[in-house]
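Below is one structure, written out as structure tokens, with a few remarks after it.
The values are calculated or read from the model by the stated rules, or taken from the named source; none is laboratory data. Quick caveat, the model's predicted, so the values are computed rather than measured. Backbone-built Cβ (ideal geometry, glycine too); neighbour counts: all protein chains shown.
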Amino acid sequence: MKINKIDHLCIAVKDLDAAKKVWAPILGKEPEDEYVDEPEKIRVARYILGGVGFELMESTSPDGDVAKWIEKRGEGIMLVSLNVDKTSEAVDELKEQDYPIIGGLRDFRDCQFAFVHPKAVNGVLLELIDDKWNEPKDE
């Protein structure tokens, strides 16, 4: 499996608007992308730092995965996402090595992503994504 780069890191937060106010003075800018992903039950503010996404992620539902993560572990780093050429091939390769994949392949915008269970990778939710999005350059 070829890893192109770290695609993004996600911070699970209880209140996205409050978290943006905390991070704004540190990051020195507004998010480059904000969106709601209804199937994943999340609301996201995405910043680009050194070509890597830095995401603040809030659950839109008490039964969402982010809400469950926060309930179990508290706010903080939830996810590391690795950019790969083709998610389906990366998933197949990891399955051959007995890494547990959660929920299979999922669609987002013009790409696919999948998750490796945290119990297999030191308690971090690992995402594989083949996003080809042209990220804005850091200012």
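With the requirement that a residue be in a helix (DSSP H, G or I), acidic (Asp, Glu) and either in contact with a Leu (Cβ under 8 Å, 6 or more places away or on another chain) or farther than 20 Å from Arg106 by Cα (or both), what does region 51-87 give you?
Step one: list which residues in region 51-87 are in a helix (DSSP H, G or I), which gives 65-73, 87.
Of the ones still in play, those that are also acidic (Asp, Glu) are 65, 71.
Passing the criteria: only Glu71.
The residue of region 75-116 that is farthest from Lys41 (Cα to Cα), among those that are touching a Phe, Trp or Tyr at 6+ places or on another chain (Cβ under 8 Å) and of a type in the set (Val, Ile, Thr), is Thr87. Taking every residue in region 54-79 that is without any contact (Cβ under 8 Å) to a residue 40 or more places away in the chain and surrounded by 13 or more Cβ atoms within 10 Å (Cβ to Cβ) and pairing it with any residue that is in a strand (DSSP E or B) and among the polar types (S, T, N, Q), at least 6 positions away or on another chain, the pairs with Cβ-Cβ distances below 6 Å are Ala67/Ser59. So, Pro39, is that one in a loop (DSSP other than H, G, I, E, B) and not polar (S, T, N, Q) or not? So Pro39 fits the description; yes. Can you work out which of the residues in region 101-122 that are surrounded by fewer than 15 Cβ atoms within 10 Å (Cβ to Cβ) and charged (D, E, K, R) is modelled with the lowest pLDDT? Step by step, filter region 101-122, then rank; the result is Arg109. Only a single criterion out of (1) at pLDDT 95 or above; (2) touching a strand residue (DSSP E or B) at 6+ places or on another chain (Cβ under 6 Å); (3) of a type outside the set (Asp, Glu) is not satisfied by Gly76, namely (2).
Within region 88-119, being in contact with a strand residue (DSSP E or B) (Cβ under 6 Å, 6 or more places away or on another chain), touching a residue at least 60 places away in the same chain (Cβ under 8 Å) and either of a type in the set (Asp, Glu) or not in a helix (DSSP H, G or I) (or both) holds for one residue alone: Arg106. Can you tell me which residue among Lys20, Lys41 is surrounded by 13 or more Cβ atoms within 10 Å (Cβ to Cβ) and closer than 16 Å to Phe108 by Cβ? So the residue among Lys20, Lys41 that is surrounded by 13 or more Cβ atoms within 10 Å (Cβ to Cβ) and closer than 16 Å to Phe108 by Cβ is Lys41. Between Ile26, Ile3, Ile11, which is surrounded by 13 or more Cβ atoms within 10 Å (Cβ to Cβ) and either out of contact with any Ser or Thr (no Cβ under 7 Å at 6 or more places or on another chain) or touching a residue at least 60 places away in the same chain (Cβ under 8 Å) (or both)? Step by step, each of Ile26, Ile3, Ile11 is checked, and only Ile11 is surrounded by 13 or more Cβ atoms within 10 Å (Cβ to Cβ) and either out of contact with any Ser or Thr (no Cβ under 7 Å at 6 or more places or on another chain) or touching a residue at least 60 places away in the same chain (Cβ under 8 Å) (or both).
In summary, Ile48 fulfils each of the numbered conditions (1) assigned to a strand (DSSP E or B); (2) closer than 19 Å to Leu9 by Cβ; (3) in contact with a helix residue (DSSP H, G or I) (Cβ under 8 Å, 6 or more places away or on another chain) with the single exception of condition (3). Any idea which of (1) closer than 24 Å to Glu32 by Cβ; (2) in contact with a Gly (Cβ under 9 Å, 6 or more places away or on another chain) is the one Asn83 doesn't satisfy? The single condition Asn83 does not satisfy is (2).
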